[in-house]
Amino acid sequence: MSQKTQLNRRAFLRTAGMTALAGAAMGTGTSMATATTPFVPEPADGMYDFDTPYSRVGTDCIKWDAQITKYGKENIEVGMGIADMDFQAAPCITNALAERCKHQNWGYTSRPASLLEAIAKWNKTRHGVEVDTDSIVLASGVHPGLIAALKTFSPPGSRVLLMTPGYNGFYGDLRGSQTLPADSPMNLVNGRYSINFADLERRIAADTHSLILCNPQNPTGNCWSQEDLLRIGRLCLERRIVVLADEIHCDFVMKGQKYIPFASLPDKDVVNNSMTFKAISKTFSLAAMKSAYFFSTNPEYLERVQVNHRADLNLLGLVATEAAYNEGAPWLDQLLPYIDGNHELVESYMKANMPLVSYTRAQGTYLAWIDVSQVVDRIGAKATAAEETSRQDASMREVTAEMVVERWFVENAKVQLNSGTSYGTGGAGHMRMNLGTSRQLIQLALDNMATALQKL
Ligand SMILES: Cc1ncc(COP(=O)(O)O)c(C=O)c1O
């Protein structure tokens, strides 16, 4: 937009009493908050408060309210399940949304070029990957993008390669595309997972055309090395399998670790055989804003996938994304060491006080993958699960030992964790614990769990 057009537009909005919106409407982002008193002030000392618990109870959130509905208010002191965070959002995001709300019309919106530039800039400056703005496709979540890609590359009934334990949502994407999982269980040595390449290769069938890669990996927290990524990429290229790289957790990388974007690999052919899926939903905890995107260096893939993709745009999600990427880095830069500290606390506390569980520290994500196999044995969870399964209708989902452990922690420690068996083959004996919350709540959860386990 030329400066002249911009000035004319500002004059028009001023007349309409909407000067503050001009920045938002023209995508300059930063000018919004300067025009009026911000809705949420930035902290006077520049330090964001992650320590004071921020209650979400009563907001219909899944992390707390859905658990309270399921288990009762008296049984939930800490909700540590679904992967979003409890913190107050970065003020720049809420301020951008508040500014936009001053203009009271919510009609259809187009893709702001400034948003695409913000996405490209974030990926370049934070992760060193060049993303051509013309190659960015907006989506209302990573799932709709993945489903569109699966529908494009993998015919109904065919198998899609997954490395497991792996994010439970992928199984929903497979159902949405009428495809089936080919779980390739990873190797587990001393609490650390690695890809079992021999197994992965063995699972490739004639009609295997997609592999979903998760990096950093949910739930194990692994950040894959360049060597691993290239090996996956070359295997897939050779066997005509498209790599669908879900990198939604990429902004959570712990100290000393590295996230390598698939699109940055030093093999053009491998990169051209991939698509990358990202969102702000994890980074800035904006999951309900339904704003995500995918991109590829392969125009043919993009064109084909878009035939199956409906880019529903959520206006407030777009505003939030642009503000987050343009102005949210200081908030995230303070959050990352805080999350790292949470991982450290859980690791050291469990080692010192919970002999029945073990945790090998994640390299990325705010998720902790906890080994509870001894708890399974101590509480007789396998027998309980088998007995409950036999009593229920055959059409119902099998009760697993880890579901029994989930309930046990709720009833005995008032802490809700996610059962490991929902993460596919290899999830048995584990629970996923979400550390995206204040340290005070983490401490409370750990104390409650330790006290409960001492009774076993
Ligand atoms: C690996 C992974 N992919 C995708 C999603 C969901 O993304 P969205 O809410 O943007 O569809 C999640 C959420 O937990 C996730 O962990």
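The values are calculated or read from the model by the stated rules, or taken from the named source; none is laboratory data. In this text the structure is predicted, and so the values were computed from the model without any measurement. Note that we place each Cβ from the backbone using ideal geometry, even for glycine, and neighbour counts take in every protein chain shown.
Which residue is farthest from the ligand (Cβ to nearest atom), if the candidates are limited to region 54-111 and must be among the polar types (S, T, N, Q), under 25 Å from residue 329 (Cα atoms) and assigned to a loop (DSSP other than H, G, I, E, B)?
Among residues in region 54-111 that are among the polar types (S, T, N, Q), under 25 Å from residue 329 (Cα atoms) and assigned to a loop (DSSP other than H, G, I, E, B), the one farthest from the ligand (Cβ to nearest atom) is 55.
Of all residues in region 151-166, count the ones that are in a loop (DSSP other than H, G, I, E, B) and in contact with a Phe, Trp or Tyr (Cβ under 7 Å, 6 or more places away or on another chain).
2
Tell me which residues, restricted to region 119-150, are within 20 Å of residue 273 (Cβ to Cβ) and not in a helix (DSSP H, G or I).
Matches in region 119-150: 129, 130, 131, 132, 136, 137.
When you scan region 353-373, do you find a residue that is closer than 15 Å to residue 428 by Cα, assigned by TED's automatic domain parsing to the domain that holds residue 430 and in a helix (DSSP H, G or I), even just one?
Checking region 353-373: at least one residue is closer than 15 Å to residue 428 by Cα, assigned by TED's automatic domain parsing to the domain that holds residue 430 and in a helix (DSSP H, G or I).
Need the failing condition index for residue 386 against (1) assigned to a helix (DSSP H, G or I); (2) touching a helix residue (DSSP H, G or I) at 6+ places or on another chain (Cβ under 6 Å); (3) farther than 15 Å from residue 433 by Cα, just the number.
Single failed check for residue 386: (2).
Going residue by residue through region 318-325, is there one that turns out to be surrounded by fewer than 16 Cβ atoms within 10 Å (Cβ to Cβ), assigned to a helix (DSSP H, G or I) and touching a helix residue (DSSP H, G or I) at 6+ places or on another chain (Cβ under 7 Å)?
Among the residues of region 318-325, not one is surrounded by fewer than 16 Cβ atoms within 10 Å (Cβ to Cβ), assigned to a helix (DSSP H, G or I) and touching a helix residue (DSSP H, G or I) at 6+ places or on another chain (Cβ under 7 Å), which makes the answer no.
Here's the yes/no breakdown for (1) basic (Lys, Arg); (2) under 23 Å from residue 450 (Cα atoms); (3) over 22 Å from the mean Cα position of the chain (by Cα):
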{"position": "392", "(1), (2), (3)": "no, no, yes"}
{"position": "398", "(1), (2), (3)": "no, no, yes"}
{"position": "401", "(1), (2), (3)": "no, yes, yes"}
{"position": "422", "(1), (2), (3)": "no, no, no"}
{"position": "435", "(1), (2), (3)": "no, yes, no"}
